[in-house]
Amino acid sequence: TCGKAQTMTMTETARQAADRPDALDQEISRRRTFAIISHPDAGKTTLTEKLLLFGGAIQLAGQVRARGERRRTRSDWMSIERDRGISVVTSVMTFEYGGNVFNLLDTPGHEDFSEDTYRTLTAVDAAIMVIDAAKGIEDRTRKLFEVCRLRDIPIVTFINKMDRETRDPFEVLDEIEKTLALDTAPMTWPIGGGRDFLGTYDIETGKVRLMNETSDDHNDMIGDNALTDLLASRNMDHVAEELELVRDGCNPFDLGAFREGTLTPVYWGSALRNFGIKDLLDGLARFSPPPRDQAADKRTVHANEAKMTAFVFKIQANMDPNHRDRIAFIRLCSGKLTRGMKVRHVRSGKQMGLHTPQFFFAQERHIADEAYAGDVVGLPNHGTLRIGDTLTEGEDLTFVGVPNFAPEILRRVRLEDAMKAKKLKQALQELAEEGVVQVFRPVDGSPALVGFVGALQLDVLQNRLAAEYGLTVGFEGSQYTLARWIAAEDGKQLDEFLAANRSATAEDVDGDPVLLSTSGYALNYVRDKWPKIRFADIKETQ
Ligand code: GDP
């Protein structure tokens, strides 16, 4: 069950083998850590289920969703996501397939939770981009793609819903190339579409994979001659012409260009009909990179270094409502984590023991005896760990690049029972550390402001304050509409600025200075007046 942690067993010989350096390399190089990016409704959930099914992580497709619904009924604030039919809670799923260990980091589907999604994308080495064959590139796919591009994350493309009416495949590829400025290399080609979708042609091998009408078993492969006959019998000669065009005119796959993020291999299929998933997964295993190097403040960390390093990219409370625990998700950047090991929590300089690191499978969590670079592990804690924190085996280094985004909405919290102000302060602090809300405390001592990147976050905060802290709150507008992190090369300049703008400055949860502004116009005015001060709308851990 959800809360019960079980120990993953590993034979003693396997454990000893994994202690040898070449074995460490081997373990790390078989990790594939990825996310799925898509527009809502394109089929991400369905594809996730099918991927897990292939990986043997779950018995029956459908359980990801079923379990989600069961869990949601247990917790009040989660009813928001049920009511709105969106997925607010993100998680990680680990499965093995074909000798590789896959870590699939789930990204929430709703635009309002982009902050969490963006942070999740700092923890992956590759992404699958799911596109609805009838709709092409949609808004949210484009935005998420842009985040991937910032980090040169290689993208594998899956064109989904080929069993329904689709757009012309060439047109879809063209759209990817034009709107994303990303080269495409079709790895398979659809034979027909909609009711006539018969299967796919494998461009490398010339084999055809047929979709079985009656079952999900789709392993029938036929050669070229059989294809010619099939197309003739179906009056689908246009497909033969398409295949000519594809073979002559489309980009060949280029591993280097893929790894640099400038070319995407494209697969076609139907997640619902369980078709094309195996090709996609094989492609991901073959082409997507093992754990990448990670930039830290003092140096770059290579995945196969012997010493363990990791950073926190996500905090989640209420994974299990019965336990009220808080899980910090860490991405291992190098080396090997062993249960019970002592690590350095770099921000505080303190040591901490990793007594109950956890792996997440589709249905269960398990105590992780060991984990390797590329893996994502959950660490239960009571607020010590924050987003962006680094853990090492003693080295003083901090990973960079985990972003905080300037809020689009600023509010004051109106408390129904004024006697509970102290409790509210503590609650906001905790929820801010978790990334649910941003809190800005004006340095002149006036009441704190809360900041949100999306409107839905207001409901989540209100519900969680009520359910977990017994606080009834409302929100009021503030004269301030913008918040920007303040920085300067010259410390004296910064001090001068802060002294001159005391009434409009606040501190965020980490104590970093923030300028509060009433409008874009007012902000520009301050910018012009203080050219040496930077006003950032993204704060990255540094
Ligand atoms: P998400 O919002 O991206 O997670 O999308 P879902 O996986 O929930 O799918 C949205 C809807 O599209 C659901 O009704 C699915 O059953 C349906 N769907 C997903 N994949 C396919 C597919 O390959 N073919 C068809 N016909 N429907 C699909």
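Values quoted throughout were computed directly from the atomic coordinates according to the rules given, and no laboratory measurement underlies them. Being a predicted model, the structure only gives us computed values, none of them experimental. FYI the Cβ positions are ideal-geometry reconstructions off the backbone, even for glycines, and counts take in every protein chain you see.
Would you mind working out the magnitude of the charge dipole of the range 373-438 relative to its Cα centre, with +1 at each Lys and Arg C-beta and -1 at each Asp and Glu C-beta, to the nearest 20 Debye?
Dipole size: approximately 700 debye.
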Exercise. Dipole of the range 354-441 (Lys/Arg Cβ +1, Asp/Glu Cβ -1, origin at the Cα centre): which of 354, 431, 383 lies farthest to the positive side?
Worked result: 431
For this session: Could you name the lysines whose alpha carbon sits less than 25 Å from that of residue 135, not counting residues in the same chain fewer than 8 places away?
Result: 44, 50, 143, 161, 178, 278
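Which order results if 350, 539, 143 are arranged by neighbouring Cβ count within 10 Å, fewest first?
350, 143, 539
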Seminar exercise, completed: Rounded to one decimal in nm, the spacing of the 7 Å Cα→Cβ label points at residue 143 and residue 297 is 3.1 nm
Exercise. How about residue 420: which aspartates and glutamates have a C-alpha closer than 12 Å to its C-alpha, ignoring those fewer than 8 places off in the same chain?
Worked result: none
Exercise. Where a Cα-Cα gap under 17 Å defines reach, which lysines qualify for residue 529, not counting those fewer than 8 residues away within the same chain?
Worked result: 492
For this session: Could you work out how far apart the two model spin labels at residue 405 and residue 350 are, taking each label as a point 7 Å from the Cα in the direction of the beta carbon, and quote it in nm?
Result: 3.2 nm
For this session: Mind checking the range 508-538 for trypsin sites (Lys or Arg not before Pro) that DSSP puts in a loop (not H, G, I, E or B) and that have at most 13 other Cβ atoms within 10 Å?
Result: 532
Seminar exercise, completed: Along the range 482-492, Karplus-curve 3J(HN,Hα) (6.51, -1.76, 1.60; θ = phi - 60°) to the nearest Hz, with x for Gly and Pro, reads 10, 10, 9, 6, 9, 8, 7, 5, 9, x, 5
Problem set entry | Simple label model, 7 Å out from Cα along Cβ direction - residue 342 to residue 241, nm | 7.4 nm
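How about the range 443-515: which GluC sites (Glu not before Pro) there are in a DSSP loop, with at most 16 other Cβ atoms within 10 Å of their Cβ? Before the final figure, lay out each step's value.
Working: sites: 468, 476, 489, 496, 507; in loops: 489.
Answer by residue number: 489.
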Exercise. For the modelled label position 7 Å from the Cα of residue 489 along Cα-to-Cβ, which residues of the range 511-534 have backbone nitrogen atoms closer than 12 Å?
Worked result: 532-534
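For residue 537 and residue 500, calculate 0.36 nm times their separation in residues minus their Cα-Cα distance, and state this gained length in nm to one decimal. Walk me through the numbers before you get to the answer.
On the way: separation 37, 0.36 × 37 = 13.32 nm, distance 2.12 nm.
In short, 11.2 nm is gained.
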Problem set entry | Rounded if a/c under 1.5, otherwise prolate or oblate - the range 401-542, Cα gyration tensor axes | prolate
Problem set entry | Calculated from backbone phi, Karplus (6.51, -1.76, 1.60) coupling profile of the range 229-238 in Hz, x at Gly/Pro | 4, 4, 5, 4, 5, 9, 6, 10, 4, 4
For this session: List the residues whose amide H sits under 5 Å from the amide H of residue 471, counting only those 5 or more places along or on another chain, with H placed 1.01 Å from N in the peptide plane.
Result: 466
